[in-house]
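K.L.:
Structure below; questions to follow.
The values are calculated or read from the model by the stated rules, or taken from the named source; none is laboratory data. Because the structure is a prediction, the values reported are computed rather than measured. Reconstructed Cβ throughout: ideal geometry from the backbone, glycine too, with neighbour counts over all protein chains shown. Keep in mind that these areas ignore ligands, DNA and RNA; they rest on the heavy atoms of the full protein, side chains included. Shrake-Rupley method; radii C 1.70, N 1.55, O 1.52, S 1.80 Å.
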There are 2 protein chains.
Amino acid sequence: MMTPKPPYYAVIFTSVLPEAGADYHAMAEKMETLARSQPGYLGMDSVRNEAAGITVSYWQDLESIHQWKDNIEHQAAQRMGKERWYQEYQVRVAKVEHAYSFDRP
Amino acid sequence: MMTPKPPYYAVIFTSVLPEAGADYHAMAEKMETLARSQPGYLGMDSVRNEAAGITVSYWQDLESIHQWKDNIEHQAAQRMGKERWYQEYQVRVAKVEHAYSFDRP
């Protein structure tokens, strides 16, 4: 995922989700589409395997992160996540200060 | 991964690695063990699937991140990564300002 020059913000979401079935994946896709339409959204990287996941979303500023967290549909998804899918998760809000990348020539 | 109260630093490493075989996994394990012995190391979250990976490592401060980046064995691993395994990667250095977690009761 290409992002603009720092500074910007990252939300690092790490989770353990042993119960994730088709309903989880449908909801994850829906939330990704919804996030994309939010003001200040810059992009997302996400990798999951059978039992764990890391999703990092990138945002212009803290204000856009707070708006996304408070979004009504996202709030409902967060509740379902706690009730149904997640064994545990951590959320870390971090200011990206420096970034570099490698592309194989 | 439990980490101390913010502020601390996160290095967000996202990669595309279509070529990762047993030699890659052996090296990744070796680097994880080496990272653990570095001053200022706080922990690591890592998830890979067939073709992509996200590793987030946590550090006390920027100084400990620079030391780890410059570590001789790690430098050699970084070179091999570019030559052999990674199609592309991004590294983002970010200051964690806020964190919270959920554990299913």
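K.L.:
Hey, A:Met31 hits all of (1) open to solvent by 30 Å² or more (accessible area, probe 1.4 Å); (2) farther than 24 Å from B:Thr3 by Cβ; (3) in contact (Cβ under 8 Å) with a residue 24 or more places away in the chain; (4) of a type in the set (A, V, I, L, M) but one; which does it fall short on?
P.N.:
The number of the failed condition is (1).
K.L.:
Would a scan of the range A:26-42 turn up a residue that is within 14 Å of chain B (Cβ to nearest Cβ), of a type in the set (A, V, I, L, M) and touching a Lys or Arg at 6+ places or on another chain (Cβ under 8 Å)?
P.N.:
No.
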